[in-house]
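Structure first, then comments.
The values are calculated or read from the model by the stated rules, or taken from the named source; none is laboratory data. As the structure is a prediction and not an experimental result, all values here were calculated from the model. Every residue, glycine as well, gets a Cβ built from its backbone with ideal geometry; the counts of neighbours run over all protein chains shown. What goes into the accessible areas is simple: the full protein's heavy atoms, side chains included, and nothing from ligands, DNA or RNA. Shrake-Rupley method; radii C 1.70, N 1.55, O 1.52, S 1.80 Å.
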Amino acid sequence: MVGPAAKRAAVAHLQTLMGLSERRACSIIGADRTMVRYRSRRPADSGLRTRLRELANERRRFGYRRLFVLLRREGEPSGLNRIHRLYREEGLTVRKRRARRKAIGMRAPIPVEAKPNARWSLDFVSDQFAGGRRFRILNIVDDVTKECLGAIPDTSISGRRVARELTAILAWRGKPGSIVSDNGTEFTCNAMLAWCQDNSIDWHFIAPGKPIQNAFIESFNGRMRDELLNETLFFGIAEARSKIAAWVADYNGERPHSSLKYQTPAAYAATFTATGGGLADGSLPEAAFRYYLAQGHLFLIEFARACALSVYKSSKLAAIREAGAGLSVLLDLEMNLHVKLCASWGLSPSDLEQNLSGGRDAGTRTCSTQECAAIWWRSRVALAPCVIAYAEIATRLDFPDIASLCDGCSNRPGSS
């Protein structure tokens, strides 16, 4: 079938080459004269094309559907078909990676309850620095909300290290119903078996050579490799930690997820009602509360490690001041998290303190004492490892001004 543009070109060719009239040329071609005379009134789309190219350059592994979601967030009214047309005309089509072998037979999904913390998945991803040295990333994902709970890069991660990282995540996220992983030695060692027994967590090991049984974390690993590791050059472990933490924050809070109807994992998690320790009216789901703490926790842990390393390597006053400034930033961020949580729950910080101490009558309390204590304590737990680390460094350096800022940071407030 010949389109209007081809028919217009044919009519113009007959008029130019043979000197035919428009009426005669249209009758020969079989084109309508109104169609030949039509001139497009479509508004200029140079601005939209420019913005589409900018987004495609920023996120080179995003297809037109995800770019369409990002444009809609910015208020662009154009439909999906128009974005797809401009996407193809600009030559932004994503190059497909090598195809994988497809499994033969029926696939039966593992049943899991649709709520946060129903099941977590763990796995490792490997990459290398610019100098050729290898490093690994321990990824931890919530299978229901698709949130990345942790992405810990290091040159060596043992079973004891995995246990410590999971303990830190449990402190602010809560205990999962079960955990799924492969049969790697880091997950099957005595340290991990003892950790599972101490925390009463059901750990499920997939069948050897069957990564499809751990499909959620495999999918996340593919996205991380496609969008971050294959696009980024790392020159050291500190740079890898900062860039991976930034990508995880973007993945949880900005990147549209196709299996969540192009919502972000954080937005999808916020749609769940509180599963424990939440308000009766559900003004802030517990998943959304935990998301705020997760983002602060990831960035602060990496920031603390970098500053602590500089202090240990140097005894100069500049390094001590850096540690003091770093701790001030930590405490400021904790206060910002605290105020943001109170605003989300419809409370002021003074209301939370009065409720926590039982200063109000039971009939006028916005939430229970136990709920207030849970909010306060979890916000402290999220930042406690960083603050305690700075306090220890300050004590060793005989710099009490830093340690004095930590008073009460590691002590649990009174709660029922």
Output ordering of 259-272, 187-200 (per-residue mean of other Cβ within 10 Å, highest first) is 259-272, 187-200
Non-local amide H neighbours of Glu90 (under 5 Å, H modeled in plane, Pro and chain starts lacking H): which ones?
none
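Going through segment 1-73, which chymotrypsin sites (Phe, Trp or Tyr not before Pro) have at most 11 other Cβ atoms within 10 Å and a DSSP loop state?
Working: sites: Tyr38, Phe62, Tyr64, Phe68; in loops: Tyr38, Phe62.
Taking segment 1-73 and a limit of 11 other Cβ atoms within 10 Å, the loop chymotrypsin sites (Phe, Trp or Tyr not before Pro) found are Tyr38.
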Rounded to a whole %, the carbon-and-sulfur portion of the accessible area of segment 109-253 at a 1.4 Å probe is 52 percent
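Which entries in Lys7/Lys96; Lys210/Lys261; Lys146/Lys243 show an alpha-carbon gap greater than 25 Å?
Values: Lys7/Lys96 35 Å; Lys210/Lys261 28 Å; Lys146/Lys243 20 Å.
Result: Lys7/Lys96; Lys210/Lys261 exceed 25 Å.
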Name the residues whose placed amide hydrogens come within less than 5 Å of the amide hydrogen of Asp123, ignoring near sequence neighbours (fewer than 5 apart) on the same chain.
Asn139
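Calculated FRET efficiency, Ile28 and Glu54, Cβ-Cβ r, R0 41 Å, to nearest 0.05?
Numbers: r = 46 Å, r/R0 = 1.13.
Efficiency, from the Cβ-Cβ distance: 0.30.
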Scan around His257 for amide H atoms under 5 Å from its own, H built in the peptide plane at 1.01 Å from N, and keep only partners 5 or more places away or cross-chain.
Tyr262, Gln263, Thr264
Taking the simple approach of a point 7 Å from Cα along Cα-to-Cβ for both Thr232 and Ala215, what is their distance in nm?
2.8 nm
